[in-house]
Every structure is written in structure tokens, then in C-alpha cells.
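What follows is one structure encoded as C-alpha cells, with my remarks underneath.
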Amino acid sequence: MKNKRIYLSSPHMGDEEFENVKEAFATNWIAPLGPHVNGFEDDLKAHTGYEAAVLSSGTSAIHLSLRLLEVKQGDIVLVSSFTFCATVNPVVYEKATPVFIDSEPNTWNMSPELLEKAIKDYIAQGKKPKAIILVHLYGMPSKMEEILAIANHYDIPIIEDAAEALGSTYKGQQMGSFGEFSIFSFNGNKIITTSGGGAILSKNIELIQKAKFLATQARDEAPYYLHSQIGYNYRLSNVLAGIGRGQMKVLQDRVDARRSVFNLYKKELSEFDFIHFHTEMEGMYSNRWLTCITLETNKISYEDLRLHLEEDNIEARPLWKPMHQQPVYKDAKSYINGVSDSLFNKGMCLPSGSNMSEDDTDRIFSKIKQKLRKV
């Protein structure tokens, strides 16, 4: 009989979430409107200082951000290459052109140098980029000071993809409070979850009101259904927002737990000098959504270690495969320095759930050491 499955990042629910769901059922607030929706948006505003609209996914939040920036067919959008496809796909929804920017080696996030090079190149061609989509990978803040300086200098708005970075900070400021628009994801594997869901945020209340309008099928004010533009069915339900409200109350507990998991890995695996951890730079505070390592040796690959863990029913994964390597984007223009390619070839994510038990972590450490001591 197999050992119980240890997941990479499983949902971590509490009592208050269940009470909020029961309350939504008892009051019959099941629709994508209701007091929990309003309350969840207020919670996010209190956390970031930005106005918020809660939506069905982080992907929908990126899509609405592009719509509100009036990105259209043929526009250039500069996007982090080292990310999940949901960061990029909405650019194509609007028939715009994604251009991929590689990472720098410290944070693994967008390289400021390559970003500026791409901007200069496209301006020289008479095609000033319409937007920048910047990702904070695995909860690690990007080099915001440098990137903001570049974006402001060339007057190009940033969509801050903080899907993985709720609870992380840069010089004391919450991630999700830097962009013209910012987005969060509350997918089942995130640091807090509503099972599926996301949010779009901005300091501009009028833009957030417009986002809510577009997210509810762009229904105009009228006693009947009247639509003067295309909208979407993107709002979060009151039931799921109730889960989110309960989760927000324990956000810092979840961050503390994941940071504790990261520190345990560093301590337990310190004997292996070829293991390098994704390290915070000065002024950066990561939520450590996932503990990520690279194996700086030719004697073992991440796939060898991943399969070894899988034998014991322990889930681990490679780092994101860069977008410029994805078949669907093989023809896209990319500014590449080899950093994300190298990270993908030797990096992996280890189980990082805030609800892992001591028995779980002991199993993981034992299995990793069993393999690596033979290297």
C-alpha cells in the first residue's frame, strides 16, 4: 500500500471559511454578487491599498487589465518569459503580440536590462510597447525599483502579475500595489485559495468600476438587458468569496508556515553544497509560496530526484518551462540571455504546503537524502 500523497501545494482550509460558506447558503447569496464579494474586495484593499474587483481567475484579471489599457490587435506587450502560460495567453485573446523578456539570475524575474533593450528596439521601429506584464515568480519580488524607473521613463504601464506573490513585500510595500493594474490568483494551489478565483486591482477606482462592469457581461443601466459593448462572465461567486474572506484572515499565518518550510529545507539539506536555494535580495520578503532549488551538478538531474520522490508518492515539479520554449509561442520574438533556460534545466519545486505535518517533512527529507547521498 502506498504512503499517503504529499502534494506540492495543497489547499489549507479553516473553520471560518466553512462558516462563511454556510452563511452564504443560509441567506441564499449564491450568485456572483453579495456581501462576501464586497467584503473580500474590502479585505484586499486593506491589504494592498488598491481598489479591487474579485473575479473567476487570475487569467481573467490579466485579460481585463489588457482591455482597460486598450491593448488591441498588433500592439506589442512585453511579458516575462519565465512564467505560466496564463500570464501570456490573454495577450493573444486581444490579438496583440507578446514579446518575451528573459530573467535575471538573482530573483529569476524579468531582467531590467533586457526590458530596456526591447523597449528601445521597438521604439526605434515606431512600435512603442503598449504594456509590460511583470511576474513575481514563486512569490519572489522582482527588482521593482529598476523596472519601475524604466517603465516610468518610457511611459509604459505595468500589469503586475502577483498571482504567486500575495503576502510578499518589496521594501515594506505589498506586492500587488506597484502596477497600473495588479492581479492575484486564488487557484487551489496558491498560498490562499477560493478553489478558483482571482482579483484585479488598481489605485484608480474608476478603472476598477469599469472592470466590474466588463466582468458582468457589460450590462448597461436599463430595466432590461442592454449591452453596448462586449463583456465577460468573470465575477467571483459570493460562496467562493466567503472562502476568500476566511483565508485572508490567516494569510500571514500561511506565509509564516511556508517560510518555515523553506528554512527547514535549507537546514536539512545544508550538507549538499550543490543545492542552491532561491534567495531573497536585500529589501525583498518572499511568501515562499514554493520552495525552489537548483541542482548545480552534472551527477544528478531534477528529473532523477523528482522520480525518486514520486516513488514514495511525493509530488515535486520542474520549474516553469519558459514561454519562449513553448510550441504555441515558437514564432514569438524573445530577448533571451539563457537564464531561464538554465533554471528550467536544473531547477525544481519541492512540496511546500502550509498544512504539511512533521511526518510529511521527515518523509521528504529522508527520501531526498537517500538519493543525494549517493551522488
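The values are calculated or read from the model by the stated rules, or taken from the named source; none is laboratory data. These figures come from a predicted structure and were not determined experimentally. Virtual Cβ from ideal backbone geometry, glycine too; neighbours counted across all protein chains shown.
Annotations
- Here Ile147 meets each of (1) touching a Ser or Thr at 6+ places or on another chain (Cβ under 8 Å); (2) farther than 30 Å from Asn238 by Cβ; (3) surrounded by fewer than 24 Cβ atoms within 10 Å (Cβ to Cβ); (4) of a type outside the set (Lys, Arg) with one exception, condition (1).
- Which listed residue is at negative phi and out of contact with any helix residue (DSSP H, G or I) (no Cβ under 6 Å at 6 or more places or on another chain), from Gly353, Gly338: Gly353
Okay, residues lined up against (1) in contact (Cβ under 8 Å) with a residue 60 or more places away in the chain; (2) not basic (Lys, Arg):
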site	(1), (2)
Asn106	yes, yes
Lys127	no, no
Leu148	no, yes
Asp155	no, yes
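- Residue list for segment 287-310, restricted to those being more than 18 Å from Val339 (Cβ to Cβ) and in contact with a helix residue (DSSP H, G or I) (Cβ under 8 Å, 6 or more places away or on another chain): Asn287, Arg288, Trp289, Leu290, Thr291, Ile300, Ser301, Asp304, Leu305, His308, Leu309
Here's the yes/no breakdown for (1) crowded, with 22+ Cβ neighbours inside 10 Å; (2) part of a helix (DSSP H, G or I):
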{"residue": "His12", "(1), (2)": "no, no"}
{"residue": "Val37", "(1), (2)": "yes, yes"}
{"residue": "Ala46", "(1), (2)": "no, yes"}
{"residue": "Glu70", "(1), (2)": "no, no"}
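- Residue within segment 300-310 that is out of contact with any Cys (no Cβ under 7 Å at 6 or more places or on another chain), closer than 18 Å to Thr361 by Cα and in a strand (DSSP E or B) present: no
- The set of residues in segment 208-237 that are crowded, with 16+ Cβ neighbours inside 10 Å and basic (Lys, Arg) comprises Lys210, Lys212, Arg235.
- Only listed residue being modelled with pLDDT of 95 or more, among the β-branched types (Val, Ile, Thr) and exposed (fewer than 13 other Cβ atoms within 10 Å of the Cβ), chosen from Ile200, Ile205, Ile293, Ile275: Ile205
- The lone criterion from (1) crowded, with 17+ Cβ neighbours inside 10 Å; (2) within 24 Å of Pro90 (Cβ to Cβ) left unmet by Pro351 is number (2).
- Filtering segment 279-334 to residues that are under 29 Å from Met356 (Cα atoms), among the polar types (S, T, N, Q) and touching a strand residue (DSSP E or B) at 6+ places or on another chain (Cβ under 6 Å) leaves Thr291, Thr294.
- Restricting attention to segment 339-369, the residues that are part of a loop (DSSP other than H, G, I, E, B) and within 22 Å of the chain's Cα centre (by Cα) total 6.
- Segment 95-113 - residue that is among the aliphatic types (A, V, I, L, M) and more than 15 Å from Leu343 (Cβ to Cβ) and, of those, surrounded by the fewest Cβ atoms within 10 Å (Cβ to Cβ): Ala96
- Yes/no for Ala31 being in the same structural domain as Lys203 (by TED's automatic domain parsing), in contact (Cβ under 8 Å) with a residue 60 or more places away in the chain, closer than 26 Å to Leu319 by Cα and among the hydrophobic types (A, V, I, L, M, F, W, C): no
- Qualifying residue in segment 93-104 (condition: assigned to a helix (DSSP H, G or I) and farther than 26 Å from Cys349 by Cα): yes
So that you can scan it fast, the table gives a plain yes or no per residue for (1) in a helix (DSSP H, G or I); (2) in contact (Cβ under 8 Å) with a residue 24 or more places away in the chain; (3) touching a Gly at 6+ places or on another chain (Cβ under 9 Å):
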| residue | (1), (2), (3) |
| --- | --- |
| Asn3 | no, yes, no |
| Ser9 | no, yes, yes |
| Ala53 | no, yes, no |
| Ala61 | yes, yes, yes |
